[in-house]
Amino acid sequence: MIDSSAIHRILEGYDCEHLSVATIGSHTALQILKGARDEGFENLVICREDMEKVYSLFGVADEILTIGDYRQVLEREFQNELIARNVILVPHGSFVEYLSPGRIEDELFVPMFGNRMVLEWESNRDKERKWMIHAGLKLPEEFNHPEDIDRLVLVKFPGAKGGKNYFLAADPEEFERKIRKFGRNGEFTIQEYVIGTRFYPHYFYSPLTDRVELLSMDIRYESNIDGISRLSHILQDSMPDPSFVVTGNLPVVVRESLLPQILEMGQRVVKASKELFSPGLIGPFCIEMVCTDELEFVAFEISARIVAGTNLYINGSPYSQLLYDEPMSTGRRIARDIKEALALNALDRIIY
Ligand code: ATP
């Protein structure tokens, strides 16, 4: 793991009048770039040639660096070029996926917004579960032995991109029949399928204000499960196997009386992160959860960086409007934090 003091030394050499907020061109890059510009920063996007026109057509980037392969970002020479431009990198889902959490921790020496230790805690299922338990969240039951399956379960594979290949099973027989396709030796998790309504709240924690903010919320639109539900009465006898591949995001607000629970869950996740991997979680995160008909939230995942559902709210959400009274996306909130840290001479509290 690259020592944070080495990164802070690089940061000390930066020309703070000309910081450049940068990210990889995919996922939430448009929002991050616009947010940086709205807060008065220069910005830069690193993308493959096929994505270049997106960033030039939307006109949100001051500089576009094209590369052939995202792994090039980790080359020493390329990183030095970024440092020469006073770059602060903002990670997002595709950023982490393209570069890999391990290589980001070990090889990326360009200053990055947030605590990079968090990437390992969110990408390793055992660590993530430990974190969620430590935070006192209610989690779905997990079954170590398929023969114990006594209710509807979702079988999950590690590193699945947006739920790919997950399958449902109602009993041990159905599990055995379906797992054959993937081979029994692979790693998988057998998790209770929680029936209820899903919520993906987008939080932001700043150590500068020591406040957890609820900026917005979405529901993932998933294929084919969300398509099946429209035809369930017609498909009764020929129901296809449901899958959970994310294809889009829908906006949502929650019943106001449920807000205390949602806010408290965010606060507990931050507190637990500080106890488990100090300085803990910094910046945007999302707790993926289901609300049951007992109005109880069951959480099944933490994403410890900006999530794609925030793209619904480039112009702000009902919640961010209450907090800021100006268009405050998650991307802009990141840039605001950098601006506030700069004013306090405290960049090293939010950049690692
Ligand atoms: P990502 O890494 O993109 O968040 P993933 O591949 O880790 O996705 P999950 O987020 O764990 O996948 O799950 C994908 C989808 O499966 C969820 O959005 C949700 O619809 C459904 N899902 C996952 N776990 C449960 C659960 N325990 N109960 C009910 N639905 C679930």
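This table checks each residue for (1) closer than 30 Å to residue 283 by Cβ; (2) of a type in the set (Gly, Ala, Ser); (3) in the same structural domain as residue 288 (by TED's automatic domain parsing).
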{"position": "146", "(1), (2), (3)": "no, no, no"}
{"position": "163", "(1), (2), (3)": "yes, yes, no"}
{"position": "167", "(1), (2), (3)": "no, no, no"}
{"position": "176", "(1), (2), (3)": "no, no, no"}
{"position": "201", "(1), (2), (3)": "yes, no, yes"}
{"position": "212", "(1), (2), (3)": "yes, no, yes"}
Cross-chain or 6+ apart pairs with Cβ under 9 Å, the range 314-337 first and farther than 20 Å from residue 114 by Cβ, then of a type in the set (Val, Ile, Thr) and surrounded by fewer than 16 Cβ atoms within 10 Å (Cβ to Cβ): 317/253; 318/253; 319/253
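On the basis of being within 17 Å of the chain's Cα centre (by Cα) and crowded, with 16+ Cβ neighbours inside 10 Å, does residue 284 make the cut?
Yes: the conditions hold for residue 284.
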Residue within the range 44-63 that is crowded, with 18+ Cβ neighbours inside 10 Å, touching a residue at least 12 places away in the same chain (Cβ under 8 Å) and under 15 Å from residue 112 (Cβ atoms) present: yes
Residue check for residue 226: in a helix (DSSP H, G or I) and under 30 Å from residue 320 (Cα atoms): yes
Yes/no for residue 212 being touching a helix residue (DSSP H, G or I) at 6+ places or on another chain (Cβ under 8 Å) and either of a type in the set (Ser, Thr, Tyr) or in a loop (DSSP other than H, G, I, E, B) (or both): no
Failed item in (1) crowded, with 20+ Cβ neighbours inside 10 Å; (2) outside any helix (DSSP H, G or I); (3) within 16 Å of the ligand (Cβ to nearest atom), with residue 113 passing the rest: (3)
Evaluation of residue 168 against (1) within 21 Å of the chain's Cα centre (by Cα); (2) within 13 Å of the ligand (Cβ to nearest atom) (one fails), failing number: (1)
Whichever residue in the range 216-228 is surrounded by fewer than 23 Cβ atoms within 10 Å (Cβ to Cβ) and either more than 12 Å from the ligand (Cβ to nearest atom) or not charged (D, E, K, R) (or both) and, among such residues, is nearest to residue 304 (Cα to Cα): 219
Evaluation of residue 151 against (1) over 19 Å from residue 305 (Cβ atoms); (2) outside any loop (DSSP other than H, G, I, E, B) (one fails), failing number: (2)
Positions within the range 176-201 being away from the ligand (no atom under 15 Å from the Cβ), outside any loop (DSSP other than H, G, I, E, B) and of a type outside the set (Asp, Glu), in sequence order: 177, 178, 179
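The values are calculated or read from the model by the stated rules, or taken from the named source; none is laboratory data. As the structure is a computational prediction, the values presented were derived from the model and not from experiment. Neighbour counts run over all protein chains shown; Cβ positions are idealised from the backbone, glycine included.
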